[in-house]
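Since the structure comes first, as structure tokens, the remarks are kept for the end.
The values are calculated or read from the model by the stated rules, or taken from the named source; none is laboratory data. Since the structure is predicted, the reported quantities are computational estimates derived from the model, not experimental observations. No Cβ is skipped: glycine too gets one built from the backbone with ideal geometry, and neighbour counts run over all protein chains shown. When the accessible area is computed, the model is the full protein with side chains, heavy atoms only, and any ligands, DNA or RNA have been set aside. Shrake-Rupley method; radii C 1.70, N 1.55, O 1.52, S 1.80 Å.
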Amino acid sequence: MAAASSEEAIKAAKVLMVGAGGIGCELLKTLALSGFSDIHIIDLDTIEVSNLNRQFLFRQSHVGQSKAKVARDAVLKFRPNISITPYHANVKDSQFNVDFFKQFNVVLNGLDNLDARRHVNRLCLAAEVPLVESGTTGFLGQVTVHVKGKTECYECQPKPVPKSYPVCTITSTPSKFVHCIVWAKDLLFAKLFGDKNQDNDLNVHSKDDSSSKTDVFERNLDEDLKKYAQRIYDHVFGYNIEAALGNEETWRNRRRPNPIYIRDALPEDAVQQNGCSQDHKNEEQEPSEPSAMVSLGLRNPQEIWSLADNSRVFLEALKLFFEKREKETGNLIFDKDDQLAVEFVTAAANIRASSFGIPLHSLFEAKGVAGNIVHAVATTNAIIAGLIVIEAIKVLKGDYQNYRMTYCLEHPSRKMLLMPVEPFEPNKSCYVCSETPLVLEVNTKTTKLREVVEKVIKSKLGMNLPLVMVGATLVFEDGDGLEPDEAANYALNLEKILAELPAPVLNGTKLTVEDFQQELKCSINIKHRDEFDTEKEPDGMVLAGWSGPVDKQVTSNGEKKPVPSASSTEDLDGTAEDTSAKPGMKRKLNEILESKENFDALQNPSDVVSSSAQVVDDDEDDDLVMFDEDPKQGKKKRSQ
């Protein structure tokens, strides 16, 4: 197809789109208007009201319907003679196997999570179909091209995971608002309204009886709800802070926090009203969903509340949870789309921030921090969609020499907002596209097979239905087509220590791991190790040779609800090399960006966004960063 013209290549192409959200809507429209006539779309999601501000193929009447199907119908209204086939399904479903992918000339991704991206990457490699990846977050975006044997695959480079914070920082020494949000969301909210059996690092002992085993968060059967709410307030914002101040060593070089009690935050008459003094009461019709803001007459989510208002919202939200949503308490998990939960977490985080001298934030800002939100910009999606189509046409024409990874920046560099970079060659040590053996350090005498399958094979390697062999012996297989006796046997193996399996796994053993759905196969060499650092190596095993997180250890916050933080910008303000005099030279993003300001554009002031260039379109309420790699590490690695 190398000699084909653009028009011929477009007419003959059969294209698969994965994702019909922010980027997907713009992409489908652009494909149709560019002359593509055979397009297939996969998307699992249905349309939500929050999508309507940027996903312009959808209208209010479409809320609740399939994105893929509605997008098809909308485009056919102005391009009725083309073929668009929608699939309201998960791209990881078994029907979308390698044979399915082989029918397409190119695959265009607009996904919102790392797991699905890896899955599509592997299917494209197995089917030998070119993949064009894309993503946006705010004003930032990128398009990358992945062709087997010619460019690196999506998994050739490490994908840093969201940073989580040490428990001691969250519980004792917060210094940033994000620390207060994590405390309010993952500790206090979970303790009051979540699973009571989950481990929690909050101090549950009361001031009056610190030696008692009684949990202060337990509400007595005859206890007045208002008194209970005030007691919780005084415990978490007053007594717990006082207790922490008892450790003088902790505060030797830190600002000492101020305990806050309800009597200090609210006047006596407001306390008696549980934060709902009469002049705050909203006389309007009660909303369908309980809201502390509505109850208190607070209307502007972008207003920064005073300590008194935050205290009122805290008490009112806690009361509403137990009065209006009592059946849900005990099973709740924080959701950024749950208005009452966001109100409670915002108020709790702000009260704690006030105690520790940290600037307060509005509900709008706090929701962004708690939900890892970077607000979407429709224009960025449109730009990226256009770049996807440009790269897709190059792929269809076989114009390999002109493939480009293109980055869309918020601030110009060398008077340019779009930075083209020549694709990198395949990483020879990539276990996905180069089949390089991995090394797993593990205690074979104490570790169960289940831990290896769950923590390594499924979580780190991203296999959905893995098969594990030790030599010629099959010790585990996952899938729906197993005979009952086979499934029972494999279930027994999962609970066995590695060294006690039918084919023992010892130092020097080679595991063969395979996922038939992804047509991915890799080898893992086992290296026995007796001890691990529980803080730095919490899994109790270390996998080497995979494109895992870069310098980011999950220590306390794992996916309960991970909270990403900004990568350091230290040493990033290098000078760009003038490539204009060197045509054909690879333009590396980290070498092109000539000032720290350009990397600051990749950061969110709320400290929840990485400065990595890899971003994704989140087809939910807003856009979420899916980190690609730490720019500082990438600069060191690629300049060697």
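On a per residue basis, region 438-544 carries 50 Å² of accessible surface, using protein heavy atoms and a 1.4 Å probe.
Legend: residue pairs LYS67/LYS397; LYS185/LYS319; LYS455/LYS510; LYS92/LYS455, Cα-Cα distance threshold 27 Å; pairs beyond threshold, LYS67/LYS397. Collect residues whose amide H, placed 1.01 Å from N in the peptide plane, falls under 5 Å from the amide H of LEU461; neighbours closer than 5 in sequence don't count. Distant-sequence amide H within range of LEU461: zero hits. Overall, the accessible surface of region 438-544 at a probe of 1.4 angstrom is composed of carbon and sulfur to the extent of 49 percent. Charging the Cβ of each Asp and Glu at -1 and of each Lys and Arg at +1, and nothing else, the dipole of region 438-544 about its Cα centre rounds to 380 debye.
A protection proxy built from the mean count of other Cβ atoms within 10 Å ranks the segments 67-78, 495-506, most packed first, as 67-78, 495-506. When you count the other C-beta atoms within 10 angstrom of each residue and take the mean per peptide, 145-155, 413-423, 247-257 line up highest first as 145-155, 413-423, 247-257.
In region 288-385, what trypsin sites (Lys or Arg not before Pro) fall in a loop by DSSP, with at most 15 other Cβ atoms inside 10 Å? Qualifying residues, ordered by number: ARG299, LYS327. Ligands, DNA and RNA are left out, and with a 1.4 angstrom probe the accessible area of region 25-153 is 37 Å² per residue. Overall dimensions of region 438-544, expressed as equivalent-ellipsoid semi-axes from the Cα gyration tensor (√(5λ), whole Å, largest first), are 22, 15, 13. Binning the alpha carbon pair distances of region 21-149 at 10 angstrom intervals from zero yields the distribution 12, 43, 38, 8, 0, expressed in whole percent.
Which loop-located GluC sites (Glu not before Pro) does region 305-360 contain, where loop means any DSSP state but H, G, I, E or B and the Cβ has at most 10 other Cβ atoms within 10 Å? Sites meeting the loop and neighbour criteria: GLU326.
Taking amide hydrogens as placed 1.01 Å from N in the peptide plane, the amide H of MET541 sits under 5 Å from that of no residue at least 5 positions away in sequence or on another chain.
Taking the protein heavy atoms of region 305-396 in the context of the full set of protein chains, the accessible area attributed to carbon and sulfur is 54 percent at 1.4 Å. Sequentially through region 17-33, phi angles give Karplus couplings (6.51, -1.76, 1.60; θ = phi - 60°) of 9, 10, x, 10, x, x, 6, x, 4, 5, 5, 4, 4, 5, 4, 5, 6 Hz, Gly and Pro residues having no value and appearing as x.
Give the residue list of chymotrypsin sites (Phe, Trp or Tyr not before Pro) in region 331-434 that are DSSP loop and have at most 15 other beta-carbon atoms within 10 angstrom. Those satisfying the criteria are PHE424. Note on ALA308 and GLU326: the model spin-label points, each 7 Å out from Cα along the C-beta direction, lie 3.2 nm apart.
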